[in-house]
Amino acid sequence: MSPRTLVRIVLGAFMTFAGITHLTVARDEFQAQVPDWFPIDTDVTVLASGVAEIGLGASFLALPKHKRVIGILLALFYVAIFPGNIAQYVEHKDAFGLDTDRKRLIRLFFQPALIAAALYGGGVGASNADARKS
């Protein structure tokens, strides 16, 4: 198994699991990440993002022939939700054990890593031959 395939599988499983928790056990925690200024109802936002995460994660796992497009969509999703992570820091909201500004700030640095992982796992930036192998 290539490193790109491993990243794709791990990220796909992680996203599917995270999406399920949006709809179930961590719904309140995810609501804390929706910025106060966001114009859509907090619960609707969490539910919609959970469905999106399940779709992206499951697709990344089940549709390897489309991994490049899915990797790009997943990276764009991470960019789209980044304002929620920033808002959690700026608004000093506790969730997922992020109960200090330091912890919330450190978390912000993980978003670029997730974006890079989505692109890498999707074979974005790889030569066509390398992308087909992964």
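The values are calculated or read from the model by the stated rules, or taken from the named source; none is laboratory data. Treat the numbers as computed from the prediction; the structure is a model and nothing was measured. Here the Cβ is made from the backbone with ideal geometry for all residues, glycine too, and neighbour counts use every protein chain on show.
Worth a mention:
- Test: residue in the stretch 29-43 that is closer than 15 Å to residue 120 by Cα and assigned to a helix (DSSP H, G or I): no
- Scanning the stretch 8-19 for any residue that is in a loop (DSSP other than H, G, I, E, B) and of a type in the set (Lys, Arg) turns up nothing.
- Residue match in the stretch 109-116 (condition: over 15 Å from the mean Cα position of the chain (by Cα), over 19 Å from residue 4 (Cβ atoms), touching a residue at least 24 places away in the same chain (Cβ under 8 Å) and not in a strand (DSSP E or B)): no
- Any hit, the stretch 99-106, residues being acidic (Asp, Glu), at pLDDT 95 or above, surrounded by 13 or more Cβ atoms within 10 Å (Cβ to Cβ) and part of a helix (DSSP H, G or I): no
- Qualifying residue in the stretch 70-80 (condition: farther than 30 Å from residue 2 by Cβ and either part of a helix (DSSP H, G or I) or at pLDDT below 95 (or both)): no
- For the stretch 1-30, filtered to residues that are surrounded by fewer than 17 Cβ atoms within 10 Å (Cβ to Cβ), polar (S, T, N, Q) and in contact (Cβ under 8 Å) with a residue 40 or more places away in the chain, the residue that is farthest from residue 51 (Cα to Cα) is 2.
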